[in-house]
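Undergrad: Dropping a structure here in structure tokens format, bear with me for questions.
The values are calculated or read from the model by the stated rules, or taken from the named source; none is laboratory data. Just so you know, these numbers come straight off a predicted model, no measurement behind them. Cβ: placed from backbone, ideal geometry, glycine included. Neighbour counts: every protein chain shown. Accessible surface areas use protein heavy atoms only, side chains included; no ligands, DNA or RNA. Shrake-Rupley method; radii C 1.70, N 1.55, O 1.52, S 1.80 Å.
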Amino acid sequence: MAEFDVVVVGSCNMDLISYVPRLPKPGETIHGHKFSLGFGGKGANQCVMAARLGAATAIVAKVGDDVFGSNFIQNFKDNGVNVDHVQVTKEAATGVAPIAVNDDGQNSIIIVSGANLKLTAADVREHESVVTHAKVLICQLEIQPETSLEALRIAKQHGVKTILNPAPAQATLDPELYKFSDIFCPNETEAEILTGLPVTTVEEAEKAADVLLDKGCKKVIITLGEKGCLCKSSMSEKGIHVPARKVNPVDTTGAGDAFVGSLAYYMACHKGLRLEEAIQKACHISSISVCSPGTQTSFPYRKDLPQELF
């Protein structure tokens, strides 16, 4: 079995993106000015971002036996992602995500998970070898939580570094999801749901991080959009705020996934970097992604990035 820098156990969703002047109110119909199809899902996005930076990547996922599913597998191949562990099911359609993006780049997203929810803990055990041969494992919550938990558990038993991006957030998570996460990485909205605390400032993020650390994760990184990130490793020490670069966002869809995929790349391929430096570089790449429309279409390739990032 080949060694992989980054392995993802996660979701594949076809993004159905409508660009609109503003997000509609309940019961309102508005005209959009553009529509596009794109490859998405947090798992797929994070994997492709790591691959574009140069990581050897593989994904454990499930797609439907339909045109979206076959296109997804081809897209992974086009991005250099190993697809030996992508399963095709006739039990459900490939996941989809209708997205509305307004003129300020803000978005609202509906996820219809489909085949993603057919990926089981038993499937993970069947493909255990790819998890145990990873340097870094990434999981999210767009698949069944018990499936992500099984992947994290297997990874930790074999000394693999783990990142959990708890999205979409659920107010009550299995406590073991915290325990098996080396890095627990929610955004500000997810942190609010998980802790019951407001997270609108860096100071509030620090309080939320303490609550999450108390639940058992090793390190917490809360992404704060244009405010950057807050990283905290211990309740007894002050957190580290990493500010974001100032940019004019076009489309923020997938920015968090660009950050997580980039962070995993640096953890796996640049082990000499301090975590704060890895976060700074991942923030830089994420800030570049919001300057172009779409999700994976906005993710930069290594050849197009400043050399100082490597």
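Undergrad: On a full-extension model of 0.36 nm per residue, what is the gain between HIS270 and LYS238, subtracting their alpha-carbon distance, rounded to one decimal in nm?
TA: 9.0 nm
Undergrad: Could you tell me which trypsin sites (Lys or Arg not before Pro) in the range 182-243 are loop residues by DSSP with no more than 11 other beta carbons within 10 angstrom of their beta carbon?
TA: Loop-located and lightly packed - LYS238.
Undergrad: State, in angstrom, two size descriptors of the range 127-235 derived from its alpha carbons: Rg to one decimal place and Dmax to the nearest whole number.
TA: Cα only, the range 127-235: 13.4, 41 Å (Rg, Dmax).
Undergrad: Can I ask one more? Report the FRET efficiency, 1/(1 + (r/R0)^6), for ASP214 and ASN248, where r is their Cβ-Cβ distance and R0 is 30 Å, rounded to 0.05.
TA: Efficiency for this residue pair is about 0.20.
Undergrad: Also, quick follow-up: Hey, got the Cα dimensions of the range 102-146 along the principal axes, in Å, largest first?
TA: Its Cα atoms span 45, 25, 13 Å along the three principal axes.
Undergrad: Please report the projected area of the chain's Cα convex hull averaged over all directions, in nm².
TA: 15.3
Undergrad: Could you check the simple spin-label distance between GLN87 and THR29, using points 7 Å along Cα→Cβ, in nm with one decimal?
TA: Rounded to a tenth, the inter-label distance reads 4.2 nm.
Undergrad: Further, regarding this structure: Between ALA134, ALA258, ALA100, where does the largest GNM mean-square fluctuation fall for the chain, given springs only between Cα atoms within less than 10 Å?
TA: Comparing ALA134, ALA258, ALA100 in the GNM, the peak value goes to ALA100.
Undergrad: Report ILE154's accessible area, 1.4 Å probe, all protein chains in place, as a number in Å² to the nearest 10.
TA: Rounded to the nearest 10, that gives 10 Å².
Undergrad: Express in Å², to the nearest 10, the accessible area of ARG153 obtained by rolling a 1.4 Å probe over the protein heavy atoms while all chains stay in place.
TA: ARG153 has an accessible surface of roughly 60 Å² with all protein chains in place.
Undergrad: Next question. Starting from the Cα gyration tensor of the range 140-199, multiply each eigenvalue by 5, take the square root, and state the resulting semi-axes largest first in whole Å.
TA: Result for the range 140-199: semi-axes of 21, 11, 9 Å.
Undergrad: Just add up the charged neighbours of GLY40: K/R +1, D/E -1, any other residue whose Cβ is under 13 Å from the Cβ of GLY40.
TA: Overall, the nearby charge balance is -3.
Undergrad: How long are the three semi-axes of the equivalent ellipsoid of the range 1-115, in whole Å, if each is the root of 5 times an eigenvalue of the C-alpha gyration tensor, listed from largest down?
TA: After scaling each eigenvalue by five and taking roots: 29, 16, 10 Å.
Undergrad: What stretch of the chain, leaving out the sites themselves, is the longest with no GluC sites (Glu not before Pro) in a DSSP loop having at most 14 other Cβ atoms within 10 Å?
TA: Segment 92-236 is the longest.
Undergrad: Something else: Running a GNM on the chain with Cα contacts under 10 Å, which residue among GLN157, GLN87, GLN140 ends up with the highest mean-square fluctuation?
TA: GLN157
Undergrad: Another question, then. Share of the chain's accessible area from carbon and sulfur, percent, 1.4 Å?
TA: 52
Undergrad: Among GLY64, GLY41, GLY27, whose mean-square fluctuation peaks in a Gaussian network model of the chain (Cα, cutoff 10 Å)?
TA: Comparing GLY64, GLY41, GLY27 in a Gaussian network model of the chain, the most mobile one is GLY27.
Undergrad: Just report the Cα centroid separation between the range 206-281 and the range 93-150, whole Å.
TA: One Cα centre to the other: 20 Å.
Undergrad: At what distance in nm do the modelled label points of ALA122 and GLN106 sit from each other, each positioned 7 Å from its Cα along Cα→Cβ?
TA: Taking the simple label geometry, ALA122 and GLN106 are separated by 4.5 nm.
Undergrad: What value, in deg cm²/dmol to 500, does the helix sum -39500 (n - 2.57) over DSSP H runs of n ≥ 4 give at 222 nm once divided by the residues of the chain?
TA: Per the formula, -10000 deg cm²/dmol.
Undergrad: Give the accessible area for ASP210 in Å² (nearest 10); use a 1.4 Å probe, count only protein heavy atoms, and leave out ligands, DNA and RNA.
TA: 40
Undergrad: Here's something else I'd like to know. Using a 1.4 Å probe, what is the accessible area per residue for the chain, in Å²?
TA: Using a 1.4 Å probe on heavy atoms only, each residue of the chain averages 42 Å².
Undergrad: For the range 199-310, take the convex hull of the Cα atoms, compute a quarter of its surface area, and give me that in nm², please.
TA: 7.3
Undergrad: Report, in listed order, any pair from LYS238/LYS303; LYS77/LYS281; LYS25/LYS219; LYS271/LYS303; LYS25/LYS118 with a Cα-Cα distance greater than 28 Å.
TA: LYS238/LYS303; LYS25/LYS219; LYS25/LYS118, as the Cα separations exceed 28 Å there.
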